[in-house]
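Worksheet: one structure, shown below.
The values are calculated or read from the model by the stated rules, or taken from the named source; none is laboratory data. Owing to the predicted nature of the structure, the values given are computational and were not obtained by experimental measurement. We place every Cβ from the backbone using ideal geometry, glycine too, and count neighbours over all the protein chains shown. Heavy atoms of the whole protein, side chains included, go into the accessibility calculation; ligands, DNA and RNA do not. Shrake-Rupley method; radii C 1.70, N 1.55, O 1.52, S 1.80 Å.
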Amino acid sequence: DTEVTQTPKHLVMGMTNKKSLKCEQHMGHRAMYWYKQKAKKPPELMFVYSYEKLSINESVPSRFSPECPNSSLLNLHLHALQPEDSALYLCASSQGLNRGTEAFFGQGTRLTVV
Amino acid sequence: GEDVEQSLFLSVREGDSSVINCTYTDSSSTYLYWYKQEPGAGLQLLTYIFSNMDMKQDQRLTVLLNKKDKHLSLRIADTQTGDSAIYFCAEGVLNRDDKIIFGKGTRLHILP
């Protein structure tokens, strides 16, 4: 099983809503990532969790709050977003670069903020 | 610094070979990846190469790495219409907290 599963696939939310994006993998990977991708742009790294601890936060605004409840799950909690936060949010996992292997991506959640 | 550069567009006739090029700046890069992204979809890992390798072949895909020039290429033999997508080059650097840096992506367009 080399699958990273993201839910929901599509999400429309208002600027006052609170919602969560979910990501799951069962490959035993110890590093999990959130990326944001705007149309026709490369993915931009937001957060990295390594062994369930936040190891990188790329100066992401606090309206995005990541959570790693266990080694298989990664959440991204959203609150008070702006229309410019509309994008494809991609989750990925890997064994961790220090273990030397590739990263697998989910299909993404397409988020629209209205 | 960390930077990955790719040309933005490539047009190739169906049946010909496509060659997508990438340059990177970090000499401590350890893994170099090629991802494919079709419209509206996530990133699909196509192949990757460890930095102590020169070449890797996997069916229609050939990756060449020139470590001295920090140049990576992806060759797709017998290009098909299903190969039409954006191809992202990415580098992973050891001792950088599992960070993966992406290029801007090359849009491959297949001509009939």
Residues of segment B:81-99 being touching an Asp or Glu at 6+ places or on another chain (Cβ under 7 Å) and under 15 Å from residue B:44 (Cβ atoms), which ones? B:85
Can you name every residue in segment B:15-33 that is open to solvent by 20 Å² or more (accessible area, probe 1.4 Å) and polar (S, T, N, Q)? B:17, B:21, B:23, B:25, B:27, B:28
Do we find a residue being aromatic (Phe, Trp, Tyr), within 12 Å of chain A (Cβ to nearest Cβ) and under 20 Å from residue A:41 (Cβ atoms) anywhere in segment B:1-16? yes
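Each row is one residue, and each column tells you yes or no for (1) part of a loop (DSSP other than H, G, I, E, B); (2) out of contact with any strand residue (DSSP E or B) (no Cβ under 6 Å at 6 or more places or on another chain); (3) hydrophobic (A, V, I, L, M, F, W, C); (4) in contact (Cβ under 8 Å) with a residue 24 or more places away in the chain.
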| position | (1), (2), (3), (4) |
| --- | --- |
| A:49 | no, no, no, yes |
| A:60 | yes, no, yes, no |
| A:65 | no, no, no, no |
| A:69 | no, yes, no, no |
| A:76 | no, no, yes, yes |
| A:90 | no, no, yes, yes |
So the check is Cβ under 8 Å with 6+ separation or different chains; which pairs have a first residue in segment B:44-70 that's farther than 18 Å from residue B:87 by Cβ and within 13 Å of chain A (Cβ to nearest Cβ) and a second one that's open to solvent by less than 50 Å² (accessible area, probe 1.4 Å) and outside any loop (DSSP other than H, G, I, E, B)? B:50/B:30; B:50/B:31; B:51/B:29; B:51/B:30; B:51/B:31; B:51/B:32; B:51/B:65; B:53/B:65
Scan segment A:73-88 residue by residue and report those that are at pLDDT 95 or above and within 30 Å of residue B:50 (Cα to Cα). A:73, A:74
Out of the residues in segment A:93-108 meeting the condition of being open to solvent by 30 Å² or more (accessible area, probe 1.4 Å) and more than 8 Å from chain B (Cβ to nearest Cβ), tell me which one is modelled with the lowest pLDDT. A:99
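Being closer than 22 Å to residue A:29 by Cβ and open to solvent by less than 10 Å² (accessible area, probe 1.4 Å) narrows it down to one of A:111, A:90, so name that one. Give the derivation first.
Numbers: A:111 fails: closer than 22 Å to residue A:29 by Cβ.
Only one candidate passes the filter, namely A:90.
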Is it the case that some residue within segment A:93-110 is in contact with a Ser or Thr (Cβ under 9 Å, 6 or more places away or on another chain), in contact (Cβ under 8 Å) with a residue 40 or more places away in the chain, among the hydroxyl-bearing types (Ser, Thr, Tyr) and farther than 24 Å from residue B:89 by Cβ? yes
So which residues in segment B:34-58 are open to solvent by 20 Å² or more (accessible area, probe 1.4 Å), under 17 Å from residue A:44 (Cα atoms) and among the polar types (S, T, N, Q)? B:44
How about segment B:27-43: which of its residues are without any contact (Cβ under 8 Å) to a residue 60 or more places away in the chain and touching a Gly at 6+ places or on another chain (Cβ under 6 Å)? B:42
Can you name the residue in segment A:12-30 that is assigned to a strand (DSSP E or B) and over 11 Å from the mean Cα position of the chain (by Cα) and is also surrounded by the most Cβ atoms within 10 Å (Cβ to Cβ) among such residues? A:25
State yes or no: is residue A:33 assigned to a strand (DSSP E or B), farther than 17 Å from residue B:37 by Cα, within 13 Å of chain B (Cβ to nearest Cβ) and of a type in the set (Phe, Trp, Tyr)? yes
